[in-house]
1. All but one of (1) within 30 Å of residue A:29 (Cβ to Cβ); (2) touching a helix residue (DSSP H, G or I) at 6+ places or on another chain (Cβ under 6 Å) hold for residue B:83; state the number of the condition that does not hold.
2. So, residue A:6, is that one more than 10 Å from chain B (Cβ to nearest Cβ), on the phi < 0 side of the Ramachandran plot, exposed (fewer than 11 other Cβ atoms within 10 Å of the Cβ) and modelled with pLDDT of 85 or more or not?
3. I need a count of the residues in segment B:40-76 that are assigned to a helix (DSSP H, G or I), surrounded by 24 or more Cβ atoms within 10 Å (Cβ to Cβ) and within 7 Å of another protein chain (Cβ to nearest Cβ).
4. Based on this model, can you work out whether residue B:50 counts as in contact (Cβ under 8 Å) with a residue 40 or more places away in the chain and out of contact with any helix residue (DSSP H, G or I) (no Cβ under 6 Å at 6 or more places or on another chain)?
5. Does segment B:140-161 contain any residue that is part of a loop (DSSP other than H, G, I, E, B), touching a residue at least 60 places away in the same chain (Cβ under 8 Å) and within 20 Å of the chain's Cα centre (by Cα)?
6. Of all strands (runs of 3 or more DSSP E) completely enclosed by segment A:161-222, which ones contain at least 2 residues that are more than 20 Å from the chain's Cα centre (by Cα) and either closer than 23 Å to residue A:88 by Cβ or modelled with pLDDT under 80 (or both)?
7. Return yes when residue B:87 is within 8 Å of chain A (Cβ to nearest Cβ) and either in a helix (DSSP H, G or I) or buried (at least 21 other Cβ atoms within 10 Å of the Cβ) (or both) and no when it is not.
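The values are calculated or read from the model by the stated rules, or taken from the named source; none is laboratory data. Just so it is clear, the model here is predicted, and its values are computed rather than measured. Note that each Cβ is placed from the backbone with ideal geometry, even for glycine, and that neighbours are counted across all protein chains shown.
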C-alpha cells in the first residue's frame, strides 16, 4: 500500500516536470497564433480586470510604502540634480539659439513643424500589472485591440520612450519595456553623434548600453540619445525617429577594444510607470509586423 | 492535510489572490532596488502545510497562471515553483515544523533557490547577459524579503486552511479521526477491564 502510494507520488511529480518542459519547448516552436499563445491570451484577459481593480484600490498603500524608500534615495539625488541644473542652464541657452536657427531653416525648406509622434493616434493607458522579476521587464496596460492598440506600436511616457507593444488581448496589452532583455532600440546620439543599438543591462533598469560605437567618435556625459527610426525600404525600426530615450551617463573603452561602450540613463521612470501613451495607427513601417 | 473540495477551492483562491496581488501591488514596490516576490513564499507555505504533492501541484499551477497572466514563456515559472513547493513539502514530511522560525527561513532559502533557478533557466534559454552583481544582489535581496514577508503571510495561509490541518483540529475544539478512534478504543478497553474485574 505504502509502496503504491510512493510510486503514485513519483509518477505525478515526473508528469508535472515533463509537462513544464513540454510547455516550455512547445511555446518556443509555436507561432504567435498557436493554441498555447491563445490560451495565454485568454487567461491574461480574465486577469486583466482583476489587476486593474487591484491596482487602483491599492495605489495609496503602494505610494505610502514607496515613499519611505524614495525618501532615502532623495538625499543623494538632490546633490546630483543641483549639478545637473547648472549643466542644463548652459545647454538651454545653446538650445534656444539652435531652435531659432532650426525654425528658420525649416521654413526655408518648407517643412511643417511637427511633433515626434505626428501621424500617430495617441492612446493613453494605465499600467495595471508588472512582471516581478528582472528577467522580464514588462508591464500590462488597460488598453487593448479594442482601443486600436497593435503589436509593435511604440509606447512613450511624458519623459521619453518606454517600450513597444509585445502582445495584445481585447482589453489589455503587454508592453516590453526598453529595459527588457529582448528589447533593442536603434538610437542616435545628439547632436550629430553616431548611431547604434541601445540594449539593456539585465538587472539594472537605470542603465542602457549603446555598444560597438567607434572609439574615435567623441561622446560626452550628458549627451542626449533619441530613436534613430532608420529604414532601408525593406526593413525598419519599430520606432519613429526623434523620441528621446535617455542621456549618456558614462563611456568606457577597453585597452584592446576598437569600440567604446556608452552607458545611458533612460528618461522614462521604468520602475514607477503609472500612465503611458501608445502611439497607434501610425504610418506603416516596412518589415515591422503589426 | 485533509483535502476536500472546499479546501481545494480555498487553495485555488489563495493562488489567484497571491498572483493578482503580486502583479498589481508587490511588483510596484521597491526595497533596496529589488521587487519583493510573494509567489514562491506562498507556494512554500502551501508545501509546508500540505506536504510534497500539494506543494508540487500548487507550484506547477501557480507558475502556469503567472506565466499566462504576464504572457511570459510558459513552463519556466511552473518548473521552478514546482521544485520549491515539493522541497518545502518534503521537509514537512520528514521533519516537524515545531519552531516558528522554520517557515520564514525555509521560505527565504527556497525563494533564493527559485530565483537562482529562474535565472539559470533564462540563461539556458539564451538571454544574453553576464551573471552580474546586480542579478546576484536581486536574488539575495529577494530571499531576505521573503524571510520578512513570510512572518505575516504564512500564518494567514495557515489560518485560511485551518479546517484541513490535522495538527490544528485540536485547537479548533475538534478531534482528528485518529484521535477519535484512539479514544473510542480506550473506552472499550476500559469497559473490558472493568467487566473482567467484576466492577460495574
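1. (2)
2. no
3. Residues flagged as assigned to a helix (DSSP H, G or I), surrounded by 24 or more Cβ atoms within 10 Å (Cβ to Cβ) and within 7 Å of another protein chain (Cβ to nearest Cβ) within segment B:40-76 amount to 4.
4. yes
5. yes
6. Where strands (runs of 3 or more DSSP E) fall fully within segment A:161-222 and carry at least 2 residues being more than 20 Å from the chain's Cα centre (by Cα) and either closer than 23 Å to residue A:88 by Cβ or modelled with pLDDT under 80 (or both), they are A:204-214.
7. Criteria not met by residue B:87.
Every residue, every condition in (1) more than 22 Å from residue A:140 (Cβ to Cβ); (2) within 9 Å of chain A (Cβ to nearest Cβ); (3) part of a helix (DSSP H, G or I), yes or no:
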residue: B:78; (1), (2), (3): no, yes, yes
residue: B:98; (1), (2), (3): yes, no, no
residue: B:108; (1), (2), (3): yes, no, yes
residue: B:113; (1), (2), (3): yes, no, yes
residue: B:118; (1), (2), (3): no, yes, yes
